[in-house]
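What follows is a single structure, written as structure tokens, with notes after it.
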Amino acid sequence: MKPEIKKPIRVDFNNMTADFIGGKEGISTRDLNKVKPLAAAAAKAYDEGRGKGMMGWTELPYNQEETVAEIIKTAADVSKNFENFVVLGIGGSALGPFAVFNALCHLRHNDLPKKKRNAPRFFVEDNVDPERMTALLDVIDVKKTVFNVITKSGSTSETMSQYLIISDILKKKIGAEWNKHIIATTDTKNGNLIKLARANGFKTFYIPASVGGRFSELCPVGLLPAAVLGIDIREMLDGAKYIDGVCADNGDIFSNAALMSAAMQYIAIKKGKNISVMMPYADGLKYMADWYCQLWGESLGKESDLNGEKVHTGQTPVKALGVTDQHSQVQLYTEGPFDKVVTIIAVEKFRKTVKIAKGCEEYPNVNFLCGHTLNELITNERIATEYALFRAQRLNHTIILPSVNAYTVGQLIMFFQIETAYLGAMLNIDTFNQPGVEEGKNAAYALFGRAGYEAKKEEIKSAPKKKKKFII
Ligand code: PA5
């Protein structure tokens with residue numbers, strides 16, 4: 001890795017401030033001064049919580065030497081011997097691997113000829129739509145495929161159903177060696193997957209007990225798929241380490257961008273900005289926005305605070321893609337309700353340059369584009385959107401990536417995780433639980449008649465019956 005591409009990400013907060021977008025909507029120095037103590041306390045909570053409880057993710061950039069070596073070895077074997085690598089998982093066990101794949105691999109990876117790909121074709125199956133499972137099986141040969149079953153709890157219905165379907169097919173088509181086609185990524189002792197892994201001799205990687213699903217991209221959940229794709233996972237961890245270094249022991253919002261961002265979002269929430277739009281201006285980062293939506297939504301959307309008070313807090317995360325969504329959503333962002341904070345992700349140097357050809361000299365309204373590049377076009381359109389939002393007095397800020405590489409992607413992941421932890425601390429909530437998700441999982445178990453969920457089944461039965469007149 002050349003040293004010049006080990007550059008830090010930066011955040012431009014100007015358009016969040018009253019100086020820029022005016023005192024009515026913008027964040028004033030007074031607002032910032034008021035939250036400074038709360039922000040400093042959140043930074044302290046981060047430092048004090050490191051590695052404890054569900055904050056094991058803070059240590060992942062530092063404590064995985066052996067695991068990383070084992071992952072790289074396994075990835076090389078997979079790459080050499082298989083044509084397809086399929087992740088079976090959902091939520092935090094799927095969104096990170098897919099986001100990193102899209103950010104750091106060729107945008108048409110699976111369509112490239114094998115020689116140009118240098119890695120297996122890659123699929124993340126995070127739904128149980130029967131048509132999707134059938135479609136996957138139509139395009140892969142299971143004999144040439146490794147399935148990475150990822151589930152922390154080892155009991156998620158979606159993932160375990162996928163496991164059952166695939167293991168049945170593997171047994172029938174491959175026989176005794178079927179177990180070589182499954183790699184399990186799960187908890188060291190809890191759940192069913194670890195039991196199955198031991199009973200069947202699957203290669204297994206572990207999710208530390210102190211790392212929750214949506215904070216797990218930098219452990220084997222994300223590192224194994226990334227390494228199989230040829231991504232430099234040490235660089236990703238280095239990027240994360242860099243951001244952690246900036247944030248550690250740093251309660252100053254003016255030198256800790258993750259803390260400034262959390263403080264500004266906190267102020268925005270208190271001013272009724274209930275929506276957080278994540279809008280990368282790069283196709284490769286489109287699914288980073290998906291990953292962010294889970295992190296933000298599941299971590300901060302909480303009914304009660306740590307004192308047991310009902311707070312119903314959180315911001316609804318919305319994903320958008322620049323420039324595509326300028327032609328669908330930006331109208332709403334500039335003229336609709338004043339209820340959003342827009343986070344733009346900018347890329348300074350794209351990995352490719354595409355020139356816009358000449359050939360329309362007689363049409364000045366098209367000719368102005370000729371001789372420029374798509375790089376200039378996407379950049380100017382991003383600046384134009386920032387300007388339009390500024391002009392409409394809408395809170396927006398821009399995260400600037402010098403370029404998209406393993407180092408900056410590692411930074412981005414850690415940045416959002418730490419920002420989320422800071423904001424959760426400022427909101428005085430449990431950032432790391434997900435009772436709302438568990439409720440849905442439990443209701444599904446009950447509907448299937450799983451033992452131990454009889455009371456839930458009765459509860460569901462006693463819900464009011466649907467009225468025909470409202471089904472039209
Ligand atoms: O963040 C979370 O905890 C959830 O989104 C989980 O990742 C998701 O529900 C999948 O859980 P598991 O990995 O246990 O299958």
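The values are calculated or read from the model by the stated rules, or taken from the named source; none is laboratory data. Since we're looking at a predicted model, the values are computed, not measured. Cβ: placed from backbone, ideal geometry, glycine included. Neighbour counts: every protein chain shown. Keep in mind that these areas ignore ligands, DNA and RNA; they rest on the heavy atoms of the full protein, side chains included. Shrake-Rupley method; radii C 1.70, N 1.55, O 1.52, S 1.80 Å.
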(Q) Given points 7 Å out from each Cα along the Cα-Cβ axis, report the K180 to A199 separation in nanometres with one decimal. (A) 2.3
Q. Whole-Å semi-axes of region 58-234's equivalent ellipsoid, largest first, each the root of 5 times a Cα gyration tensor eigenvalue?
A. 22, 20, 15
Q | Top positive-direction residue, dipole computed over region 352-472 with Cβ charges, set F416, C370, A463 | A | A463
Q) So for the chain, what are the equivalent ellipsoid semi-axes in whole Å, largest first, each being the square root of 5 times an eigenvalue of the Cα gyration tensor? A) 36, 30, 24
(Q) To make sure I understand the rule: partners must be lysines, Cα under 16 Å from the Cα of K466, and not fewer than 8 residues away in the same chain. Which ones qualify? (A) none
Q: Could you grab the relative contact order for the chain? Cα pairs under 8 Å, six or more apart, rounded to a whole percent.
A: 23
Q | For region 1-52: accessible area per residue (Å², 1.4 Å) | A | 60
(Q) Give me the dipole magnitude in Debye, nearest 20, for the chain about the Cα centre, with unit charges on the beta carbon: positive for Lys and Arg, negative for Asp and Glu. (A) 1000
Q) Over region 58-234, what percent of the accessible surface lies on carbon and sulfur atoms, probe 1.4 Å? A) 51
Q: Take the Cα atoms of region 304-355, find their three principal axes, and give me the spread along each one in whole Å, biggest first.
A: 58, 27, 12
**Q.** Contour excess over end-to-end distance, with Cα ends at D141 and D339 and 0.36 nm allotted per residue
**A.** 66.5 nm
Q) At a 1.4 Å probe, what is the % contribution of carbon and sulfur to the accessible area of region 346-428? A) 58
Q.
Tell me the per residue accessible area of region 153-262 using a 1.4 Å probe; a whole number in Å² is fine.
A. 37
Q) Among the lysines, which fall within straight-line cross-link reach of K7, defined as a Cα-Cα distance under 20 Å, with same-chain neighbours fewer than 8 residues apart omitted? A) K241, K349, K352
Q: Would you please state which residues of region 298-337 a label at Y363 would reach in this model, taking the label point 7 Å out along Cα→Cβ and a backbone N cut-off of under 20 Å?
A: none
Q.
Through the Karplus equation 6.51 cos²θ - 1.76 cosθ + 1.60, θ set to phi - 60°, convert the phi angles of region 376-393 into ³J(HN,Hα) values in whole Hz; use x for Gly and Pro.
A. 5, 5, 5, 5, 5, 5, 5, 5, 5, 5, 4, 5, 4, 5, 4, 5, 8, 6
Q: Note down the nm distance, to one decimal, between modelled labels 7 Å out along Cα→Cβ at H312 and at H372.
A: 4.6
Q: Between V437 and N14, take the C-beta separation as r, use R0 = 30 Å, and let me know the FRET efficiency to the nearest 0.05.
A: 0.25
Q) Between A41 and K467, what is the FRET efficiency for a Förster distance of 45 Å, r being their Cβ-Cβ separation, to the nearest 0.05? A) 0.35
(Q) On a straight-distance basis, which lysines could pair with K469 in a cross-link, Cα separation under 23 angstrom, same-chain partners fewer than 8 positions away excluded? (A) K461
**Q.** Cα lying deepest toward the dipole's positive end in the chain, options N428, P208, M260, charges on Cβ
**A.** P208
Q | Extension gain, N81 back to I400 (0.36 nm per residue minus Cα-Cα distance, nm) | A | 111.0 nm
(Q) Which one, T134, T186, Y62, projects farthest toward the positive side of the charge dipole computed for region 58-234 from Cβ point charges (K/R +1, D/E -1)? (A) T134
Q: Could you count how many Lys pairs in region 43-178 have their Cα atoms under 23 Å apart, skipping same-chain pairs fewer than 8 positions apart?
A: 27
